[in-house]
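Visitor: Below you'll find the structure I mean.
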Amino acid sequence: MTQEYRKEKKYGMVIDLDRCTGCGACMVACMAENNVPFRDNETDKLKSITWMRIYQLTNGKSYPNEEICYLPRPCMHCEGHNGHSPCVTVCPAVATDYDRETGIVSQIPTRCFGCRYCMAACPYHARYFNWWDPVWPEGMEKSLSPNVSPRMRGVVEKCSFCFHRYQLAYEKAASEDRRELRENEYQTSCTQACPAGAITFGDLINKNHAVYKIKKDPRAFRLLERLKTNPKIYYLSSREWVRRAGDNYHPEEETGKIKSHQ
Amino acid sequence: MFPFISFEWVWDIEHVVFMGGLWYAVSILGIGMAYCIIKAAIDKKEV
Amino acid sequence: MDSAFIPEGVKRCPFPQFLAGLGLAGVVLAWGIFAMLLCWLKGLNQTNMNDSYGFALWIWADLAVIALGGGAFFSGFLKYIVGKDELKNIINFAVLIGFICYSSALLILAIDIGQPLRGWFIFWHANVHSMLTEVAFCLSCYFGVLTIEYIPLILENRQIDKIPFFHNLSHNMHEVMAVFAATGAFLSFFHQGSLGGIAGVLFGRPFAYREGLLVWPWTFFLFTWSAAAYGPCFTIFLIKLLEKITGKKLVKDNVIDLLAKISGWMIFTYIFAKIIDTWYWAVVTVQSKGQTLMDFYDDNMFYGLWILVAEIVVGGIFPALILLTKKGRNSASLLWAAVILACLGVCINRWVMVLQVMAIPVLPFEDWALYYPSWQEIATTILPVAYGVILVMISYRYLPIFPQEKELNPIESH
């Protein structure tokens with residue numbers, strides 16, 4: 001339940017795919033910020049942990065008509081219908097929760113016992129299992145972020161929209177006797193790392209935030225909207241084939257015409 | 001899981017129906033077994 | 001050597017032969033235990049599961065043994081609630097098989113979770129909205145019921161029965177068994193259902209997702225129904241197998257015939273419902289998600305349209321038709337074929353609802369994800385089979401599992 005003195009927020013992102021170059025800075029920033037573990041050999045991508053993952057999409061045509069688009073995919077922080085995100089409702093031990101104050105889907109690794117039902121429920125593959133205990137190269141543990149606990153073997157983890165940054169920003173604001181955060185006070189690490197400025201982060205329901213306006217761009221779409229997951233990540237693309245790749249469509253259907261939650 | 005004890009417990013319809021069903025079943029099994037064991041012990045004494 | 005423990009009036013193989021059999025199964029059991037310890041000590045990196053396959057062979061094995069073990073609750077329901085008294089000759093064995101299946105399922109779940117020491121969180125921090133919570137609660141409780149149903153059988157061992165307290169306890173438990181059986185049927189309805197619900201509620205996975213009634217997707221009802229329908233087939237299959245191994249007739253034909261007939265009707269009605277469910281899902285649910293039936297059946301070696309045909313026609317309609325006809329039930333080879341096909345049918349259904357769900361890409365730019373289990377996963381899945389064989393061997397040797405055995409196999413006095 002939202003506390004009365006704080007306004008309800010729905011933090012989300014708009015990612016401009018026309019700007020994204022696929023450089024991977026967001027992935028690196030995310031891993032460093034959140035102490036995401038990695039292994040000596042990361043060949044098997046199905047066992048790699050990448051809270052932010054970049055997909056390479058192609059239009060399926062051959063050269064010279066081939067086009068490529070890079071699509072960064074963090075957790076979608078789905079709201080579903082009234083906070084019933086696909087993963088939150090299935091977790092048997094309340095180790096993941098939909099926070100009605102921020103709209104962030106949290107993950108509590110110390111509560112998770114590793115049944116992986118949430119991973120089965122997430123259509124975006126945004127949830128990752130710790131198949132191994134994290135092992136950092138010698139000396140690197142000194143550079144880990146003190147704000148995020150590393151996770152142990154056998155639990156699920158995922159993008160938290162850098163929730164610790166929200167907490168730090170809120171503490172700072174509170175010390176200045178403010179109840180609300182300014183837009184630039186809470187930004188995720190991927191947003192700040194993107195050299196192309198492709199990621200915009202903010203409160204989707206706050207008229208003063210940039211995302212509020214950008215999400216209404218005619219180029220905007222969300223991934224798998226038809227499943228009614230109600231994600232909080234919007235993408236922008238001026239290319240029809242990219243927008244079409246965001247969901248499943250029958251041949252006669254046009255993009256942008258599918259009704260879903262907003 | 002436990003009303004009054006678990007901090008997650010909420011007095012809503014879901015908790016009452018779900019946990020009510022569970023405790024109802026557990027009670028039947030517990031009482032049933034207790035009855036059988038006590039009766040067996042008493043019968044043994046009578047023999 | 002152990003003749004004092006063997007039920008009176010029945011013949012068992014020599015003790016050394018029995019020990020040799022136990023040893024053989026014990027080797028397989030030890031292999032499984034070794035793999036289980038590897039998983040517990042080194043973690044789930046011992047498996048070939050990955051982030052696309054969070055659920056894999058174990059969850060399938062879990063669902064399959066619980067469906068096959070459904071013979072216990074349904075036979076109990078038929079005997080104690082419906083009043084089919086002939087089934088008293090089969091109920092002990094059904095309970096034993098149920099006990100094995102459910103204990104195996106709980107063990108597999110304990111291996112399957114990433115943090116086994118936190119397993120109790122599912123009870124203590126229960127999320128009442130999760131189907132998995134419902135599974136954990138009802139499964140554990142129903143395992144309690146099966147234990148309660150199995151105890152009187154142990155107490156009927158010749159030597160244990162001589163102790164007055166145990167004799168009385170067994171008698172008392174038999175007296176109130178109907179109450180336990182009814183509780184078991186209630187719990188089974190919910191846990192079989194919630195196992196189906198696990199897949200059915202996944203609205204992010206169109207292949208699994210089903211609409212339904214109130215909070216329950218249609219898979220909830222289909223799973224309960226199919227467990228009640230196919231479970232007895234597994235019981236019959238194992239009785240027939242045991243008869244082959246022991247070279248004895250253990251249960252009279254009329255009892256098998258009755259259970260087979262009921263199972264036939266259950267499978268027939270279930271498969272009818274399943275066809276309607278599949279049809280509605282294909283033409284309404286899937287279409288509304290922008291997909292078509294054939295999006296879920298690829299030309300790869302695992303998930304072609306053949307698997308749907310194998311599940312519904314070969315593993316459903318065929319056994320139903322055989323079991324519904326008197327001629328089919330009376331012919332030994334047809335009965336064998338029917339129960340084997342039925343067991344395969346329900347196992348395919350559970351496979352599809354777990355592994356195919358994981359295999360199918362949901363995002364249009366992703367590919368099918370295929371997986372093969374590691375030897376540790378296979379060994380831990382075979383472990384319950386070895387454990388089951390051992391428990392059946394011990395129970396058959398020392399407990400009066402088959403009440404009709406003595407009558408059907410009189411020992412000639414010298």
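Visitor: Can you compute the helix-only [θ] at 222 nm over chain C? Use -39500 (n - 2.57) per DSSP H run of at least 4 residues, normalise by all residues, nearest 500 deg cm²/dmol.
Guide: -20500 deg cm²/dmol
Visitor: Which whole-number percentage describes the relative contact order of chain A, with Cα contacts under 8 Å and a sequence gap of 6 or more?
Guide: The normalised contact order for chain A reaches 27 percent.
Visitor: Within the stretch C:67-166, what whole-number % of the accessible surface is contributed by carbon and sulfur, with the 1.4 Å probe and all protein chains included in the calculation?
Guide: Carbon and sulfur atoms account for 69 percent of the accessible area of the stretch C:67-166.
Visitor: Loop by DSSP (not H, G, I, E, B), at most 15 other beta-carbon atoms within 10 Å: where is the longest site-free stretch of chain C for GluC sites (Glu not before Pro)?
Guide: C:9-210
Visitor: Quick one: ranking A:ARG219, C:ARG205, A:ARG179 by accessible area, 1.4 Å probe, largest first, what do you get?
Guide: Putting A:ARG219, C:ARG205, A:ARG179 in descending order of accessible area: A:ARG179, A:ARG219, C:ARG205.
Visitor: Then there's this: How far is it, in nm, from the label point at A:ALA174 to the one at A:SER62 when both lie 7 Å from their Cα along the line to the Cβ?
Guide: Between A:ALA174 and A:SER62, the label points sit 6.2 nm apart.
Visitor: Here is a further query. Quick check for you: which residues of the stretch C:245-259 have the amide N under 18 Å from the point 7 Å beyond the Cα of C:GLU412 toward its beta carbon?
Guide: Under cut-off, by backbone N: C:247-249.
Visitor: What would the Debye equation give as log₁₀ I(q)/I(0) for the stretch C:105-197 at q = 0.11, 0.13, 0.26 Å⁻¹, counting only Cα atoms as equal point scatterers?
Guide: Values, matching the q order: -0.44, -0.58, -1.24.
Visitor: Of A:LYS10/A:LYS215; C:LYS88/C:LYS327; A:LYS7/A:LYS158, which ones are farther than 21 Å apart at the Cα?
Guide: Correct reply: C:LYS88/C:LYS327; A:LYS7/A:LYS158.
Visitor: Just subtract the alpha-carbon distance of C:ILE6 and C:LEU321 from 0.36 nm times their residue separation and send over the number in nm, one decimal.
Guide: 109.4 nm
Visitor: Sticking with this one: Assign unit charges at the C-beta atoms only (+1 for Lys and Arg, -1 for Asp and Glu), then state the dipole size of chain B relative to its Cα centre in Debye, rounded to the nearest 20.
Guide: 380 debye
Visitor: Rounded to the nearest 100 Å², what is the buried accessible area between C and A, both sides summed, probe 1.4 Å?
Guide: For C against A, buried area totals roughly 4400 Å².
Visitor: A further question on this structure: Can you tell me the Rg and the Dmax, both Å, for the Cα atoms in the protein assembly as shown?
Guide: Rg and Dmax of the protein assembly as shown, Cα atoms, are 28.6, 101 Å.
Visitor: Shifting gears a bit: Put A:MET152, A:MET31, C:MET353 in order of accessible area, largest first, 1.4 Å probe: what do you get?
Guide: A:MET152, A:MET31, C:MET353
Visitor: Which value, in square angstrom to the nearest 100, describes the accessible area buried between chains C and B on both sides, using a 1.4 angstrom probe?
Guide: Counting both chains, the buried surface is close to 2300 Å².
Visitor: Select from A:ILE214, C:LEU341, C:ILE322 the residue farthest towards the positive end of the dipole of the protein assembly as shown; place +1 on Cβ of Lys and Arg, -1 on Cβ of Asp and Glu, and compute about the Cα centre.
Guide: Ranked along the dipole, the leading option is C:ILE322.
Visitor: When ligands, DNA and RNA are left out and all protein chains stay put, how many square angstrom of accessible area per residue does the protein assembly as shown have with a 1.4 Å probe?
Guide: Heavy-atom accessible area per residue stands at 43 Å².
Visitor: Which trypsin sites (Lys or Arg not before Pro) does the stretch C:1-58 hold that lie in a coil by DSSP with at most 16 other beta carbons within 10 Å?
Guide: Sparse-neighbourhood loop trypsin sites (Lys or Arg not before Pro): C:LYS11, C:ARG12.
Visitor: Follow-up question, since we're still on this one. Need the C-alpha centroid separation for the stretch A:110-132 versus the stretch A:141-158, integer Å.
Guide: Cα centres, the stretch A:110-132 to the stretch A:141-158: 15 Å.
Visitor: In nm, to one decimal, how far is the modelled label at A:THR21 from the one at A:ASP133, with both set 7 Å along Cα→Cβ?
Guide: 4.1 nm
Visitor: While we're looking at this one, here's another question. Where the centroid of each part is defined by its Cα atoms, how far is the stretch A:197-262 from the stretch A:35-86 in Å?
Guide: Rounded to whole Å, the Cα centres lie 16 Å apart.
Visitor: Shape verdict for the stretch A:11-245, please, from the Cα gyration tensor: rounded (a/c under 1.5), prolate (a/b greater than b/c) or oblate.
Guide: Judged from the Cα gyration tensor, the stretch A:11-245 comes out rounded (a/c under 1.5).
Visitor: Under a crude label model (7 Å from the Cα following the beta-carbon direction), how far is C:THR278 from B:ALA34 in nanometres?
Guide: If labels sit at C:THR278 and B:ALA34, their model points lie 5.0 nm apart.
Visitor: Let me ask something else. Rounded to the nearest 10 Å², what accessible area does C:TRP216 show when all protein chains are kept and the probe is 1.4 Å?
Guide: In the full protein context, C:TRP216 sits at about 70 Å².
Visitor: Could you tell me the calculated FRET efficiency between A:GLU141 and C:SER288, based on Cβ-Cβ distance and R0 = 35 angstrom, to the nearest 0.05?
Guide: 0.10
Visitor: Here is a further query. What whole number of Å gives the distance from the Cα centroid of the stretch C:281-331 to the Cα centroid of the stretch C:185-244?
Guide: Each part's Cα centre sits 16 Å from the other's.
Visitor: Counting only protein heavy atoms and a 1.4 Å probe, tell me what percentage of the stretch A:11-245's accessible area is made up of carbon and sulfur.
Guide: Carbon-and-sulfur percentage of accessible area, whole number: 52.
Visitor: Could you sort A:LYS232, A:LYS45 by their accessible area in this structure, using a 1.4 Å probe and putting the largest first?
Guide: A:LYS45, A:LYS232
Visitor: Compute the accessible area of each residue in the stretch C:47-64 twice, once for its chain alone and once with every protein chain present, using a 1.4 Å probe on heavy atoms, and list those whose area falls by at least 40 Å².
Guide: C:ASN50, C:ASP51, C:SER52, C:GLY54, C:PHE55
Visitor: Please tell me the relative contact order of chain C in percent, rounded to the nearest whole number, where contacts are Cα pairs under 8 Å and at least six residues apart.
Guide: Value for chain C: 29 percent.
Visitor: Take every residue in peptide C:168-180, count the Cβ atoms of other chains within 10 Å of its Cβ, and give the average of those counts.
Guide: Per residue, the number of nearby Cβ atoms from other chains is 5 on average.
Visitor: Which FRET efficiency value, to the nearest 0.05, do you get for A:GLN192 and C:TRP375 by plugging their Cβ-Cβ distance into 1/(1 + (r/R0)^6) with R0 = 60 Å?
Guide: The pair A:GLN192/C:TRP375 has a calculated efficiency of 0.85.
Visitor: Here's a follow-up. Going by a 4.7 Å Cβ-Cβ cut-off, which cysteines of chain A have no partner at all?
Guide: If one checks each Cβ against the other cysteines of chain A, A:CYS20, A:CYS23, A:CYS30, A:CYS69, A:CYS78, A:CYS91, A:CYS112, A:CYS115, A:CYS122, A:CYS162, A:CYS194 turn up with nothing under 4.7 Å.
The values are calculated or read from the model by the stated rules, or taken from the named source; none is laboratory data. On a predicted model such as this, the values are computed, not experimentally measured, just so you know. Cβ: placed from backbone, ideal geometry, glycine included. Neighbour counts: every protein chain shown. Protein only, heavy atoms only, side chains kept; ligands, DNA and RNA dropped before computing areas. Shrake-Rupley method; radii C 1.70, N 1.55, O 1.52, S 1.80 Å.
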